[in-house]
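Colleague: Below: one structure in structure tokens.
The values are calculated or read from the model by the stated rules, or taken from the named source; none is laboratory data. Remember, predicted model here, so these are calculated numbers, not experimental data. Glycine gets a Cβ as well: all are built from the backbone with ideal geometry, and neighbour counts include every protein chain shown. All accessible areas refer to the heavy atoms of the entire protein, side chains included, with ligands and DNA or RNA removed. Shrake-Rupley method; radii C 1.70, N 1.55, O 1.52, S 1.80 Å.
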Amino acid sequence: MLFALPCRPGKPETLASATVSFILGNMEKVLHLDLGERSYPIHIGPGLMSRADLYRPHIRGRQVMVVSNETVAPLYLEAVRSALSDYQLEQVILPDGEEFKTLEILNRIFDALLEKRFNRNCCLVALGGGVVGDMTGFAAASYQRGVDFIQVPTTLLAQVDSSVGGKTGVNHALGKNMIGAFHQPRCVLADTDTLDTLDDRQLSAGIAEVVKYGLIQDAGFFAWLEQNMDKLLARDTDTLVYAIERSCRCKADVVAADERESGRRALLNLGHTFGHAIETGMGYGNWLHGEAVAAGMVMAADLSARQGWLANADVKRIRALMIRAKLPIDAPAEMNRSQFMDLMAVDKKALDGGLRLILMDGIGQAKVCSDFDPELLAQTLDPALPLTGS
Ligand SMILES: NC(=O)c1ccc[n+]([C@@H]2O[C@H](COP(=O)([O-])OP(=O)(O)OC[C@H]3O[C@@H](n4cnc5c(N)ncnc54)[C@H](O)[C@@H]3O)[C@@H](O)[C@H]2O)c1
Ligand SMILES: [Zn+2]
């Protein structure tokens, strides 16, 4: 049986106008995400979070609330506070962890804003990884029906993915990221110095999302990653800035073309339907999101190859790059096919009962797809069968 909806390939030729980039000084880069009146700059480079001049143009009033967590605040809050010392500056420090990304904990931000009598011209600053960024963004989207916020992402994943694009929200007991809003930041400051304190596992998890951009629409970037993976793992600043810039450019292009995910933005979910099943199946927190997405992208490559769309040699390249990035390439042995199918069916990307996956015609050529052969999907999910290219 084949599903009805045809595959929709991406259109890379329409993307070039969405962002403009400038190179400032020796290492800093700036991208502009073009969304009309919601457009904003994305600054990438070392030493950015302590620069008052980067915040100032984006703060309308006098009141600034920095939101961070127990791990990141001791490392970086002082630098941000000193850059913002001209303002009425307040702070909220949240507990650290995905399990605290809830409405209940979100309320602490509203409590602080109301207790300090913050008005509609206030600005929130999200200092942390994707959890802090998503929660702060949602608080900004809903406080007094919407106030400004600035993203200061401190994980690689947040710098290349969650801080850009305006998806904000919290988890519900019945589903991840199920309560949320689209709300774009006024600017993003991706300070690469913060990555020095990130542990190796979190760095690799962020690299999974970087590899994703190469697989979706940029074969040249994938080849660059093959050349530069060791420097990236060694946190070489130039290499990091380049990888983050190229990733953000890809994300910004996709978001500019499809801000509310009615079409093309779905490509950013490459590896994610498989990956979310692994995250849930293994229990949240046991596999990092990026680790699950890495294995998920290998599974998407395997299914694409079984369909005859992707060359076996390309699957081998994808597996080899994940291994070098210290990322998993196989589904967990504990999970079987029926568990995968159940979990994938409830993923929010399942459409009108039919499963929609992001598959590949080649490296750099992802497509939204419902007309894959379920028999071949069953083979991809069968732990007894080796994946293509292994
Ligand atoms: N909004 C979006 O478009 C989008 C996209 C992708 C992911 N997300 C969300 O992002 C979250 C995952 O983000 P994440 O991977 O950044 O996880 P995270 O925010 O939990 O950060 C990972 C860990 O690193 C710590 N940390 C952060 N910065 C650090 C630093 N510089 N040095 C040392 N430790 C540091 C954090 O405290 C945490 O313990 C998920 O909730 C996911 O749903 C959102
Ligand atoms: Zn992701």
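Colleague: Which one is nearest to V346 (Cα to Cα) among residues in region 239-279 that are out of contact with any Lys or Arg (no Cβ under 8 Å at 6 or more places or on another chain) and among the polar types (S, T, N, Q)?
Modeller: Only one residue fits best here, namely S262.
This table checks each residue for (1) under 16 Å from the mean Cα position of the chain (by Cα); (2) in a loop (DSSP other than H, G, I, E, B).
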{"site": "P185", "(1), (2)": "yes, yes"}
{"site": "V210", "(1), (2)": "yes, no"}
{"site": "F221", "(1), (2)": "no, no"}
{"site": "T239", "(1), (2)": "no, no"}
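Colleague: Also, quick follow-up: Give the residues of region 55-66 that are surrounded by 22 or more Cβ atoms within 10 Å (Cβ to Cβ) and more than 19 Å from H43 (Cβ to Cβ), sorted by residue number.
Modeller: Listed by number, the list holds a single entry, M65.
Colleague: (1) over 22 Å from P374 (Cα atoms); (2) part of a loop (DSSP other than H, G, I, E, B); (3) away from ligand 2 (no atom under 15 Å from the Cβ): which one isn't true of E261, the others all being true?
Modeller: (3)
Colleague: For region 178-195, name all the residues that are of a type in the set (G, A, S) and either at pLDDT below 95 or within 22 Å of E261 (Cβ to Cβ) (or both).
Modeller: G180, A181
Colleague: Only one of D148, D161 is open to solvent by 10 Å² or more (accessible area, probe 1.4 Å), away from ligand 1 (no atom under 16 Å from the Cβ) and under 21 Å from A190 (Cα atoms). Can you tell me which?
Modeller: One residue alone meets the criteria, D148.
Colleague: Only one of A294, A256 is touching a Leu at 6+ places or on another chain (Cβ under 9 Å), closer than 30 Å to S39 by Cβ, open to solvent by less than 40 Å² (accessible area, probe 1.4 Å) and assigned to a helix (DSSP H, G or I); which?
Modeller: Of A294, A256, the one residue that is touching a Leu at 6+ places or on another chain (Cβ under 9 Å), closer than 30 Å to S39 by Cβ, open to solvent by less than 40 Å² (accessible area, probe 1.4 Å) and assigned to a helix (DSSP H, G or I) is A256.
Colleague: Hey, any hits in region 297-320 for a residue that's within 15 Å of ligand 1 (Cβ to nearest atom), open to solvent by less than 10 Å² (accessible area, probe 1.4 Å) and either touching a helix residue (DSSP H, G or I) at 6+ places or on another chain (Cβ under 7 Å) or not in a helix (DSSP H, G or I) (or both)?
Modeller: yes
Colleague: Follow-up question, since we're still on this one. Give region 131-167 a look and list any residue that's away from ligand 2 (no atom under 15 Å from the Cβ), without any contact (Cβ under 8 Å) to a residue 60 or more places away in the chain, more than 17 Å from V72 (Cβ to Cβ) and part of a strand (DSSP E or B), or say none.
Modeller: Hits for region 131-167: nothing passes.
Colleague: Quick check on region 369-389: of everything there that is hydroxyl-bearing (S, T, Y) and in a loop (DSSP other than H, G, I, E, B), which residue is nearest to A266 (Cα to Cα)?
Modeller: Result: S370.
Colleague: Out of E99, E78, report the one residue that is free of Cβ contacts under 8 Å to residues at least 40 places away in the same chain, charged (D, E, K, R) and either open to solvent by 10 Å² or more (accessible area, probe 1.4 Å) or assigned to a helix (DSSP H, G or I) (or both).
Modeller: E78
Colleague: How about region 191-205: which of its residues are more than 7 Å from ligand 1 (Cβ to nearest atom) and crowded, with 17+ Cβ neighbours inside 10 Å?
Modeller: Once the filter is applied, which keeps residues that are more than 7 Å from ligand 1 (Cβ to nearest atom) and crowded, with 17+ Cβ neighbours inside 10 Å, region 191-205 yields D191, T192, D193, L203, S204.
Colleague: When residues of region 264-291 are filtered for being within 13 Å of ligand 1 (Cβ to nearest atom), under 14 Å from A366 (Cβ atoms), part of a helix (DSSP H, G or I) and not hydrophobic (A, V, I, L, M, F, W, C), how many remain?
Modeller: Looking only at that region, the number is 3.
Colleague: Let me spell it out: the conditions are (1) among the hydrophobic types (A, V, I, L, M, F, W, C); (2) over 17 Å from the mean Cα position of the chain (by Cα); (3) modelled with pLDDT under 95, and A252 meets all of them except one. Which number is the exception?
Modeller: (2)
Colleague: Check L327 against each of (1) out of contact with any strand residue (DSSP E or B) (no Cβ under 6 Å at 6 or more places or on another chain); (2) not in a loop (DSSP other than H, G, I, E, B) and name the one condition it does not meet.
Modeller: The number of the failed condition is (2).
Colleague: Let me ask another. Give just the number: which of (1) over 22 Å from the mean Cα position of the chain (by Cα); (2) modelled with pLDDT under 95; (3) more than 23 Å from G281 (Cα to Cα) does V368 not satisfy?
Modeller: Of the numbered conditions (1) over 22 Å from the mean Cα position of the chain (by Cα); (2) modelled with pLDDT under 95; (3) more than 23 Å from G281 (Cα to Cα), the odd one out for V368 is (1).
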